[in-house]
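J.: There's a structure below that I have some questions on.
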Amino acid sequence: MFQILIVSVTSLGLTLGACLPVKAESASERIKRTGVLNAGVRMDAVPFSYLDQNGRPQGYAVELTQLIQRQLEQELGKPIQLNLEVINLDNRFEQVQSGQVDLYCGATSITPERERIVDFSIPFFTSGIQLLVRQEDALRLDPTRISEEELQQAQSGQVAIGFLQNTTTDTEFREVYPGASWQALKNRAAGVRQLRDRSLSAIASDGILLLGELWLQGEAFEQFRLVPEEPLTFEDYGCILPEGDQALGEIVNQTITSPANTQLWQQWFDQDTGRFPYKRFGASVKP
C-alpha cells in the first residue's frame, strides 16, 4: 500500500509538472548560456549607427554596444561574441520583443507608450525635434519667429515638410504646422536631397540626426539651418531592452554610467574636441 501510494503521488507530480508552463529563457540567461550577444544596429542613424564606405557599422551607439559586450564579459567571467543584426524603424521593437535581438542601442526616444511594450535603459543622449531648412528660409520657417502671414501660408499647404513615419516626429510635431503639406520620406538621405533640390521646404526630425545626414552626404553646413535653435521637444534616447529582464538592464545601465562611456561620449560629442560636436540639451543625460 505504501509503495502504491508513492507511485501514485509521483505520477501525479509528473502530470502536474507537465501541465505547468515552462518559463521562457530571458535574454540575459541566453547570453550566459550561449556566450553570444545579438544586438540590433541601424544603417541610417548618423552619428549613432551607420555604415562607413567599406560597409562596416560605425557610430557612437555601435561603440556603446561594444562597451556593453565587455561589461557582460566582466560580469559573466567568460568571452562574449557580439553579433550585430540590421534592424530598422519599423521592426526595432518587434525584434527585441521576439528575441531576435537581445537589445538595441540607438536613436530611439523613450516614451510612455513605448515603455508599455519594452523596457528602456537610462538615457544616454538628449536631442529634440527641429526643422532642417535652407539658410535663406531660416527666419521664414522658424516656428518661434514666424509672422502671422507666413503662418497662414504654411497652414494653406504652401510649405512642404518631410518626415519619417513611426517616429515621435510623426506624432508630436504636426500640430506646429497642421496645415502644411506633410510628406512621408523613405529616409533622411532622400529628405536632404529633396530639400537641396527645393521639392521640400523643410525636414522635421531630431536635430542631431539631421546634422548627421548632412555630414554623411558631404553637404555644406552653412547652406542649411536647424530651426528653432532650441528644440521644440526634448527626446531622451535609451537602449531598447526586453521587458522584465532586470539582470540585462542593470548591466546596460552600469555601462552607460561608467567612466568608459563618459570618455566615449566626449570623443564623439564634446563641443570642442568631439568627432561630432553637439550642444547638450536638457539635464537628464550625464554620461
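The values are calculated or read from the model by the stated rules, or taken from the named source; none is laboratory data. Remember, it's a predicted structure, so these values are computed and weren't measured experimentally. Every residue, glycine among them, receives a Cβ derived from its backbone with ideal geometry; neighbour counts consider all protein chains shown.
J.: Within segment 149-186, work out how many residues are small (Gly, Ala, Ser), outside any loop (DSSP other than H, G, I, E, B) and either touching a strand residue (DSSP E or B) at 6+ places or on another chain (Cβ under 8 Å) or modelled with pLDDT of 75 or more (or both).
T.: 4
J.: TYR50 is checked against (1) buried (at least 17 other Cβ atoms within 10 Å of the Cβ); (2) at pLDDT 95 or above and fails just one. What number does that condition carry?
T.: Evaluating TYR50 over (1) buried (at least 17 other Cβ atoms within 10 Å of the Cβ); (2) at pLDDT 95 or above leaves (2) as the failure.
J.: Could you tell me whether any residue of segment 244-263 is of a type in the set (D, E, K, R), assigned by TED's automatic domain parsing to the domain that holds GLY40, out of contact with any Phe, Trp or Tyr (no Cβ under 8 Å at 6 or more places or on another chain) and more than 17 Å from PRO47 (Cβ to Cβ)?
T.: There is at least one residue in segment 244-263 that is of a type in the set (D, E, K, R), assigned by TED's automatic domain parsing to the domain that holds GLY40, out of contact with any Phe, Trp or Tyr (no Cβ under 8 Å at 6 or more places or on another chain) and more than 17 Å from PRO47 (Cβ to Cβ).
J.: Another one. Of the residues GLY77, GLY59, only one is assigned by TED's automatic domain parsing to the domain that holds GLN254 and closer than 30 Å to LEU195 by Cα; which?
T.: It is GLY59.
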